Amino acid sequence: MAKTLVRQILEGARELIETRARWARHNLALTRNNRECDPTEATAARFCAYGALIRSAYNLTGDVKQARDLAGKAAMSMTGRDNPHDAFEAIYSINDGPPASSHKSIMLLFAKSLERV
């Protein structure tokens, strides 16, 4: 059975931030030197959950605008929110919680989301 585009984006994003060393808080993406950058830039090395959705979609499409639109749809699927902005806010609030538990919470959100798609 073929994987849906949302599932492919979720799987790719989860893989990007699976290890804490590749995960970021308070920024969509960071370079290896911890400088803020766009998740679609080649220098991006660490991602927050939403930034990982953007990068994953960009890796599939190669188009920045389309990647951002698809990341919003994937985020809505993850959170059950009705629009991309609310979904972004929900994910960001989990991602930027206490460092000890927020990575675990984000990974759990990805796991539950993948069970549904």
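Numbers for the structure displayed
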item	result
Selection count where residues are in contact with a Lys or Arg (Cβ under 8 Å, 6 or more places away or on another chain) and more than 15 Å from residue 59 (Cα to Cα), scope the stretch 1-26	4
Which listed residue, of 63, 38, 69, 96, is of a type in the set (Asp, Glu) and either more than 14 Å from the chain's Cα centre (by Cα) or buried (at least 17 other Cβ atoms within 10 Å of the Cβ) (or both)	63
Hits in the stretch 99-108 (condition: surrounded by fewer than 18 Cβ atoms within 10 Å (Cβ to Cβ), of a type outside the set (D, E, K, R) and under 15 Å from the mean Cα position of the chain (by Cα))	105, 107, 108
Residue pairs meeting the criteria (Cβ under 6 Å; at least 6 apart or on separate chains; first in contact (Cβ under 8 Å) with a residue 40 or more places away in the chain, in the stretch 21-36; second surrounded by 12 or more Cβ atoms within 10 Å (Cβ to Cβ))	23/17; 23/103; 25/96; 26/96
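Let's see how each residue does on (1) in a helix (DSSP H, G or I); (2) of a type in the set (Phe, Trp, Tyr); (3) touching a Ser or Thr at 6+ places or on another chain (Cβ under 9 Å):
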residue	(1), (2), (3)
8	yes, no, yes
13	yes, no, yes
55	yes, no, yes
58	yes, yes, yes
67	yes, no, yes
71	yes, no, yes
75	yes, no, no
78	yes, no, yes
82	no, no, no
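Throughout, read-outs are computed from the coordinates displayed, never taken from laboratory work. Fair warning: this is a prediction, and the values are worked out from it, not measured in the lab. In this analysis, Cβ positions are derived from the backbone assuming ideal geometry, glycine residues included, and neighbour counts consider all displayed protein chains.
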